[in-house]
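The values are calculated or read from the model by the stated rules, or taken from the named source; none is laboratory data. Bear in mind that the values here come from a model prediction, so they are computed numbers and not experimental data. Here the Cβ positions follow ideal geometry from the backbone for every residue, glycine too, while neighbour counts run over all protein chains shown.
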Amino acid sequence: MPFVKRDEHGMVVAVSRESAAGCTEELAKDDPAMSAFLVEISSESSSLDASDQDLIRVLEDVVDLLIAKGLVLFTELPADAQQKIMRRQAMRSEVGNLQDLISKD
């Protein structure tokens, strides 16, 4: 059973495999308090993932702009970066083509 730490309102705020760092109360994995904690953590993680995806898109646009303006030469980028950029461009092109097919029908 995992050990948990609760806040002043009795809400689970931390989970540990061992009794350490203030996590002293044993709690069953299927306890509703544990479920609520895991749902909250999952929700925060999903928000962070969505934010990461948005930032990645911005960075892709910045790289494209720098290359288009000639401030960075594509061939100056490391080979791994070139491959990743080309793979993303190909994937984006495929998705765009699929969206065109869907919207036309």
Self-check item: Residue that is assigned to a strand (DSSP E or B), of a type in the set (Gly, Ala, Ser) and out of contact with any Leu (no Cβ under 9 Å at 6 or more places or on another chain), where the choices are Ala28, Ala14
Solution: Ala14
Quiz item: Considering the range 14-41 alone, what residues qualify as being over 28 Å from the mean Cα position of the chain (by Cα), over 11 Å from Pro2 (Cβ atoms) and surrounded by 12 or more Cβ atoms within 10 Å (Cβ to Cβ)?
Solution: Gly22, Thr24
Practice problem: For the range 57-90, enumerate the residues that are among the charged types (D, E, K, R) and either without any contact (Cβ under 8 Å) to a residue 24 or more places away in the chain or loosely packed, with under 10 Cβ neighbours inside 10 Å (or both). | Solution: Arg57, Asp61, Asp64, Lys69, Glu76, Asp80, Lys84, Arg87
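Every residue, every condition in (1) at pLDDT 85 or above; (2) of a type in the set (A, V, I, L, M, F, W, C); (3) out of contact with any Asp or Glu (no Cβ under 6 Å at 6 or more places or on another chain), yes or no:
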position: Asp30; (1), (2), (3): no, no, yes
position: Met34; (1), (2), (3): no, yes, yes
position: Asp54; (1), (2), (3): yes, no, yes
position: Leu59; (1), (2), (3): yes, yes, yes
position: Ile67; (1), (2), (3): yes, yes, yes
position: Leu77; (1), (2), (3): yes, yes, yes
position: Ser93; (1), (2), (3): no, no, yes
position: Leu98; (1), (2), (3): no, yes, yes
